[in-house]
Structure formats: structure tokens, C-alpha cells
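The values are calculated or read from the model by the stated rules, or taken from the named source; none is laboratory data. As the structure is a prediction and not an experimental result, all values here were calculated from the model. Neighbour counts are summed over all protein chains in view; Cβ atoms, including those assigned to glycine, are modelled from backbone coordinates with ideal geometry.
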Amino acid sequence: MLSLTAVLYPSALDARRGIVRLHPSVLAGLGLAVWDTVLLTGARTTGALAAVAPPGTDPRAVLCDDLVLGNMGVADGAVVEVGAAPAVQAVSVVLAGDPHISAAVDPTVLRTALLGKVLTAGDNVSLLPQDLAPLGAFDVVGTRKSLAARLGPAWTSILLTVSDVSPAGPALVTMATVVGWRGGTTTTGSATPMTVPTSTHAPTVADLPGLESQAASLKEWLDLGFHHRDLLAKLGTSPGMGVLITGPAGSGKAALVEAVTAALGARLLRAWAPQLAALEPTAAAQQITSLLSEAAHTPPAVVLLEDVDALAPRDSPSPLVPVFLTAVRDAVAAGVVAIVCTTSKPESVATELRAPGTLDHELAIPLPDRAQRRRLLDALMHAVPLEADVSLDDVAGRTPGFVAADVIALVREAGLRAAARQRDAASPTVAKADLDAALEVVRPTAMGGDSLELAQISLDDVGDMVEVKEAVTEAVLWPLQYPDTFARLGVAPPRGLLLYGPPGCGKTFLVKAIAGSGQCNVLSVKGAELLSKWVGESERAVRELFRRARDAAPTLVFLDEIDALAPMRGQSTDGGTTDRVVAALLTELDGVESLRDVVVIGATNRPDLIDPALLRPGRLERLVFVPPPDAAARGEILKAAAKLVPLDPAVDLAALGARTDGFSAADCAALIREAALGAMRESMAATTVTAAHLEAALSKTRPSLDAAQVAALHSFADRRQ
């Protein structure tokens with residue numbers, strides 16, 4: 001056992017997943033390998049998984065999250081005992097939680113959420129899946145969706161108490177562990193979808209700012225069907241009891257149905273369509289029939305099927321689809337039960353499901369705008385003590401693309417940061433710094449996996465290039481910052497621009513600077529990433545990219561190496577794939593469907609290879625040449641690259657910039673790096689980089705700019721003018 005200092009480690013990757021991080025020397029001293037179980041003793045004893053601490057960590061520290069600190073019963077900075085624990089697999093685990101949680105989450109899903117976690121009786125444990133350790137949840141995405149469907153957006157902040165572990169912990173949860181609720185059921189051998197009645201914790205319409213009109217429409221449709229059937233019969237019509245609700249994941253579709261159902265005094269039975277689709281067709285059909293039968297025997301009732309695109313897909317029909325469609329049509333025709341389906345991918349839903357007589361009504365939930373995000377923040381933080389420096393208007397402006405679940409996660413993360421900062425405070429408050437830190441880790445879910453990592457830079461950090469920055473500001477930031485001005489003057493804002501210039505001269509850096517302004521979401525895609533060998537998949541990828549961009553608006557779509565994505569048509573030898581991709585790209589940029597609050601930036605060093613139709617007005621209409629840096633600009637780039645490098649006072653970077661003719665911005669950064677490596681070669685104890693090191697690096701570094709290529713790019717710019 002070693003005595004170490006418990007230090008709060010606010011990592012979004014580790015948070016509430018039962019992980020502690022130790023210095024490699026400590027791991028070696030305790031005889032531990034990565035992901036072994038470690039025993040932690042403070043005011044009480046608990047267990048966790050051991051991982052490697054980041055470079056520079058004090059060997060005397062054990063990095064923990066707030067949950068592990070709480071399970072040890074200590075505060076940040078306390079001294080605790082750390083030792084190796086025997087590898088014990090849990091045979092059974094019993095948990096306790098709020099009754100509505102135990103009613104909504106069946107033991108099979110609960111076990112999946114706990115896979116790979118080390119538990120001790122008396123511990124608190126979160127439902128966040130263990131997605132780092134090898135024994136973590138085998139289907140993290142499916143587990144997250146299932147928990148969100150059953151518990152709503154706040155599921156990530158729920159804590160459960162471990163009532164019992166056999167054998168006595170710390171013990172690791174595996175697929176062989178029997179998991180159950182205290183006084184309830186345990187895991188079974190099959191994944192059986194649950195029907196969950198409306199709980200006493202159902203939200204109200206007042207809890208859903210921005211969804212009042214959708215709630216009013218849904219309430220009107222269901223109320224007519226439940227309570228005014230005679231009136232409809234006199235008018236010679238029947239109620240439309242099938243509804244499809246579309247909107248981005250986390251936008252509040254299920255919460256809307258819960259609120260309206262509770263307001264009407266109806267019973268809510270809900271199921272997650274992907275879980276039904278994973279069953280054998282016969283078993284799934286029986287579950288669907290049983291679900292609808294149960295609802296029909298307890299009217300008024302609403303059956304909520306979430307993510308219905310998994311059960312009735314458009315392009316991959318299964319034997320279950322006809323059975324499901326028939327069951328829905330029969331239930332809607334009977335008029336006793338309301339069928340409400342939700343999806344975040346309306347284009348993937350079978351067209352038969354949206355036909356008259358099935359799901360007659362459709363409701364769309366758009367992404368909240370700035371005013372709606374402000375109202376949502378007001379609702380979530382009305383009881384939160386805020387410091388004077390907090391501006392919810394500013395937070396609402398910095399969260400474009402955030403859905404309700406994202407805002408809830410942001411508030412929760414800010415609260416966790418504030419709690420870690422004021423663990424012993426009598427009257428804790430949330431400060432601007434807490435919200436700023438939360439904004440760094442909570443990203444909009446509508447962005448998918450292609451969002452550009454935001455750097456803490458702005459256009460002011462881009463040296464020189466005055467004309468380029470002015471053109472980028474007008475074409476990208478003005479349409480997002482001043483849409484009213486464009487509307488008042490009766491002109492459409494630019495759709496996009498093309499940045500072209502020699503390699504390494506700062507095209508991508510410019511886009512990172514725009515992203516760092518926080519004015520819009522940024523989707524970054526390299527041209528070749530959208531190309532696929534399968535017929536139709538490349539065009540689908542383009543459509544999906546722009547659909548996500550529209551959903552997350554205001555959005556900047558950055559297409560790096562666009563010459564690989566949109567070459568001149570008629571010259572390809574790939575069976576016409578790139579020609580179809582170019583056609584899809586042209587249609588998305590300037591087609592029938594409007595591209596509102598979406599700006600596209602392309603970057604290339606071969607503009608002559610791009611299809612000319614892409615460069616006409618209405619598409620990438622602004623062509624901005626990013627020139628090689630001149631002597632003054634190279635001096636500024638060298639200073640920026642050496643910002644964190646301890647240089648000898650005798651070093652003159654401005655003079656060095658004048659001697660680096662033909663160097664690109666990347667070459668200048670490489671020069672500084674090579675000089676620092678030269679100092680390290682002389683002595684690993686070196687404290688400064690001298691002029692001699694820079695001279696040696698200059699003799700080894702060669703300029704990468706090709707004079708002929710630069711001349712060709714200048715010629716292209718002249719031809720465009």
C-alpha cells in the first residue's frame with residue numbers, strides 16, 4: 001500500500017466511470033497493469049480501475065473524479081491509501097435507486113451499463129457506460145440510446161447505490177454477473193422490451209420551452225380521439241390516432257409525448273424500437289402485439305415507439321416490417337389507442353409508415369434557436385445560485401446546434417465543476433469559469449463525429465493576411481452575425497468561398513481561427529473521406545453531411561482537399577462516382593432546398609482541378625488566394641511558433657524571417673521545432689534555445705514552396721480576376 005494524495009481530475013472521458021489514474025512508476029511499484037483493479041482507502045474503502053496518468057503528473061498523486069472521491073469519503077487533496085486488489089468477478093450485484101428509475105430500466109440494460117466497472121457495497125455508481133476499459137459495454141452507443149429513451153436527457157447525472165455485491169467487493173461486473181434491483185427483478189437471458197407506465201415524474205409542457213406549439217397540436221389530436229369521438233362521428237370523420245414526431249436526437253421528442261400524455265390523464269406505454277428489431281421476428285411480433293393489446297385494454301393509452309426507423313427502415317426491409325405496419329394500421333383504425341413514433345432520421349423511415357391511415361400526423365421539432373436556448377437555460381437554472389459574472393445570454397449565443405439534452409448536460413457539467421471547486425463551501429455558486437469549462441467538453445450531438453476541434457484562437461491570432469481575413473469575415477461571419485442586415489437590403493448572403501494557395505500557408509489555420517470565434521458549429525470533412533467504392537454511398541454521404549449541417553445551423557462546412565471531392569466531370573476513370581458526387585454537391589449548395597445559415601469553405605492547392613460549376617456565383621462564389629508569407633509575415637509566424645519556446649535574448653526572429661525566403665508557415669513552425677530538438681540533442685537539461693541552434697536548424701530545413709506551383713496559383717488568381 002502507498003499513501004498518495006487524492007487529486008480531482010476533471011476529465012470528460014473518465015468522469016463517473018470508476019477510473020483512477022496513477023503515475024507509471026506507481027503502477028510498476030504496486031505491480032499493477034493498466035485496467036487492473038486498485039484498492040482505495042480513505043474514510044471508507046472502495047475500488048476502481050487503474051489507468052496511466054497524463055505526462056507531468058506528480059507521482060505522489062492519484063487522479064480521481066468526484067464520484068470516486070465521494071466513494072472514498074474524502075475531499076480533494078486528502079491523503080489516501082492505494083494498493084493492488086485481487087481480480088474478483090462479481091457473481092451478483094444488487095442496486096437501489098429512485099422507483100421510477102428501477103421501473104424504467106430493466107436489469108439487462110442495467111447490467112450492460114455497469115459492465116467493466118468495479119463495485120463495492122455502499123458505493124454510488126453512475127449509468128455512464130464504461131467505454132475505455134476492455135471489459136466495458138460491448139454496445140456503448142446502443143446502451144446510451146436505450147438509457148436516454150427510458151430515462152430522458154438527464155440520465156447521465158443519475159446515481160445509484162450499490163446495496164450488495166457477492167462476493168464482497170471490490171468486484172468487476174461481467175456478462176456473467178447477475179444484476180438486479182433491490183426488491184425487484186434480476187437479469188434474464190433475453191432482452192425483453194419493457195412497457196413503462198407514465199411516472200409521477202413526467203415533465204409538463206412548462207418544462208419544455210420552445211415546444212408549446214407542438215405540444216398544443218399533439219394535445220388537440222389526442223384529445224379529439226380520446227374524448228370527442230362522438231363529435232367526430234357526427235361530422236363523418238374519424239380521429240387520426242397515429243403521429244410521427246421527428247427531430248434531432250435529444251431535442252425532447254419523448255419528453256413532449258410524456259408531458260402531453262400526463263396532461264390528458266392517459267397511460268403511456270413506451271418501447272425502444274431498436275431493441276424490438278434485435279429480437280427474432282416471431283418474438284418481436286409477439287412483443288408488438290402484446291404491447292398494443294395491453295394499451296387497448298387500459299384506455300385511454302398512448303403507445304410510444306422511439307427510434308422507429310430501426311423497426312421500419314426504408315432501404316432494408318425485414319420480415320418484421322409488414323407485421324409491424326399491419327399492427328399499427330389496425331390499432332389506428334380501431335381508434336382506441338394512440339400510436340406515437342419518434343425518429344431523428346425521417347428520411348430512413350419506411351414510406352408506408354407515413355401513409356394515410358397509418359401515421360396520419362407529423363410533428364417536426366427543430367433545433368432551438370438562441371432565444372429558445374435562453375428560455376431553456378432559464379428553466380434549468382432558475383434555482384441555481386449564479387455569480388454576477390454569469391450571462392445566460394452569452395451562454396445561449398455560444399451554444400449553436402445544442403438540443404435540450406445538450407443544454408442539460410452543459411448545466412450538469414458546470415454544476416460538477418462548481419462542486420469540485422467549492423467542495424467545503426457553505427453557499428456554493430456557479431461561476432462563468434465553470435460554464436466556460438463545461439463548454440469545452442460538451443459538444444452539440446447534432447454535429448455527429450465530424451466536428452472540428454475548437455482551438456483557443458481567433459482571426460486576431462492570424463498574422464498578416466489582412467485582405468484574406470477581411471474576405472473570410474465578409475463571406476463567413478457576416479451572414480451568421482448580421483442576417484437581419486442582409487434581409488433588410490434584400491440580398492442573399494454568400495453560400496461559401498474557396499481558399500486556395502500553396503501547401504502549408506495557413507488555409508486550415510484560418511478555418512480553425514473562425515471556429516475559435518464560437519459564432520457557429522464547424523463540420524470538417526476531408527474530400528476523400530466522402531468517397532466510397534459502393535454505388536450510391538458517396539452521394540448519400542454528401543446528403544447526410546448537409547442534412548446534419550442544416551440541423552445544426554448556423555454551421556460552417558469545411559471541405560479540405562476539395563479537389564479530391566469535386567474534380568472536373570467527364571474525366572474520371574472510376575465509373576462515374578466522382579461525377580455523381582459533384583452533382584450531389586452542386587445540388588446541395590444551390591438546389592431547390594434552401595441552405596439557410598450554412599456556409600461552405602473549400603480549401604485546395606490545386607484550384608485548376610475543381611469543376612468550374614462549383615465556382616460560379618451562388619456556390620463557392622468567393623475565391624480567396626492565401627499567398628505565401630512575405631518576410632514580415634514569416635517573422636510573425638516564427639514568433640507565434642516560438643511563443644512557448646524559451647529563446648535566448650540574442651535571438652532575432654524578425655531577421656531570421658527575412659532569411660527564410662521560400663518558407664511556408666508550416667516550414668517556419670518546423671524550423672522552431674528543429675531548433676528545440678537540436679538543443680535537446682546537446683543536453684536534455686537545456687533551458688534555452690540559442691541563435692546557434694536556430695542556425696543549425698536553418699541549415700537542415702529546406703523550403704517546401706515550389707516556385708512553379710506558386711506562379712501557377714498566381715496565374716489562376718489573375719485569370720479569375
query = helices (runs of 4 or more DSSP H) wholly in segment 200-309 with at least 2 residues that are within 30 Å of Leu377 (Cα to Cα) - which ones?
reply = 212-227, 253-264
Thr57 vs. criteria in contact with a His (Cβ under 7 Å, 6 or more places away or on another chain) and outside any helix (DSSP H, G or I) = yes
note = If we ask which residues in segment 23-39 are touching a helix residue (DSSP H, G or I) at 6+ places or on another chain (Cβ under 8 Å), over 18 Å from Val173 (Cα atoms) and outside any loop (DSSP other than H, G, I, E, B), their number turns out to be 0
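Assess whether Ala438 counts as being modelled with pLDDT under 75, buried (at least 16 other Cβ atoms within 10 Å of the Cβ), of a type in the set (Gly, Ala, Ser) and closer than 30 Å to Thr246 by Cα.
Details: modelled with pLDDT under 75: no; buried (at least 16 other Cβ atoms within 10 Å of the Cβ): yes; of a type in the set (Gly, Ala, Ser): yes; closer than 30 Å to Thr246 by Cα: yes.
No.
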key: segment 208-254 - residue that is hydrophobic (A, V, I, L, M, F, W, C) and either at pLDDT below 85 or exposed (fewer than 13 other Cβ atoms within 10 Å of the Cβ) (or both) and, of those, nearest to the chain's Cα centre (by Cα)   = Ala249
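Pick out, from segment 60-127, the helices (runs of 4 or more DSSP H) lying fully within it that include 1 or more residues that are without any contact (Cβ under 8 Å) to a residue 12 or more places away in the chain and not β-branched (Val, Ile, Thr).
Details: elements: 66-72, 99-104, 107-114.
In segment 60-127, the matching helices (runs of 4 or more DSSP H) lie at 99-104.
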task = Filter segment 441-457 down to residues that are in a loop (DSSP other than H, G, I, E, B) and modelled with pLDDT of 65 or more and give me whichever is nearest to Pro248 (Cα to Cα).
result = Pro444
Failed item, numbered, when Leu353 is tested on (1) buried (at least 21 other Cβ atoms within 10 Å of the Cβ); (2) touching a helix residue (DSSP H, G or I) at 6+ places or on another chain (Cβ under 6 Å) = (2)
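Ser318: surrounded by fewer than 16 Cβ atoms within 10 Å (Cβ to Cβ) and at pLDDT 85 or above, yes or no?
On the way: surrounded by fewer than 16 Cβ atoms within 10 Å (Cβ to Cβ): yes; at pLDDT 85 or above: no.
When the stated conditions are applied, Ser318 does not pass them.
What do you reckon, is Ala613 within 30 Å of Gly570 (Cβ to Cβ) and not in a strand (DSSP E or B)? Before you say what the answer is, go through the steps one by one.
Details: within 30 Å of Gly570 (Cβ to Cβ): yes; not in a strand (DSSP E or B): yes.
So Ala613 fits the description; yes.
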query = What about Pro55, is it farther than 28 Å from Trp181 by Cβ and either surrounded by fewer than 18 Cβ atoms within 10 Å (Cβ to Cβ) or modelled with pLDDT of 90 or more (or both)?
reply = yes
Failed item in (1) under 27 Å from Leu264 (Cβ atoms); (2) touching a Cys at 6+ places or on another chain (Cβ under 9 Å), with Pro400 passing the rest = (1)
query = Any residue in segment 670-693 that is within 38 Å of the chain's Cα centre (by Cα), part of a loop (DSSP other than H, G, I, E, B) and not assigned by TED's automatic domain parsing to the domain that holds Pro567?
reply = no
key: Unique match (being modelled with pLDDT under 90, in contact with a strand residue (DSSP E or B) (Cβ under 6 Å, 6 or more places away or on another chain), outside any strand (DSSP E or B) and β-branched (Val, Ile, Thr)) among Val323, Val332   = Val332
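Going through Thr587, Thr688, Thr577, Thr604 one at a time, which residue ends up being farther than 24 Å from Asp560 by Cβ and of a type in the set (Val, Ile, Thr)?
Working: Thr587 fails: farther than 24 Å from Asp560 by Cβ; Thr577 fails: farther than 24 Å from Asp560 by Cβ; Thr604 fails: farther than 24 Å from Asp560 by Cβ.
None of the other options fit; the residue is Thr688.
Surrounded by 15 or more Cβ atoms within 10 Å (Cβ to Cβ), out of contact with any Gly (no Cβ under 6 Å at 6 or more places or on another chain) and hydroxyl-bearing (Ser, Thr, Tyr) - does that describe any residue in segment 476-488?
Within segment 476-488 (the criterion being surrounded by 15 or more Cβ atoms within 10 Å (Cβ to Cβ), out of contact with any Gly (no Cβ under 6 Å at 6 or more places or on another chain) and hydroxyl-bearing (Ser, Thr, Tyr)), the answer is no, since none of the residues qualifies.
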note = Looking across segment 628-647 at residues that are part of a helix (DSSP H, G or I) and of a type in the set (Gly, Ala, Ser), the single one that is surrounded by the most Cβ atoms within 10 Å (Cβ to Cβ) is Gly635
inquiry  = Exactly one condition in (1) more than 27 Å from Gly250 (Cβ to Cβ); (2) free of Cβ contacts under 8 Å to residues at least 40 places away in the same chain is false for Thr577; which is it?
reply    = (2)
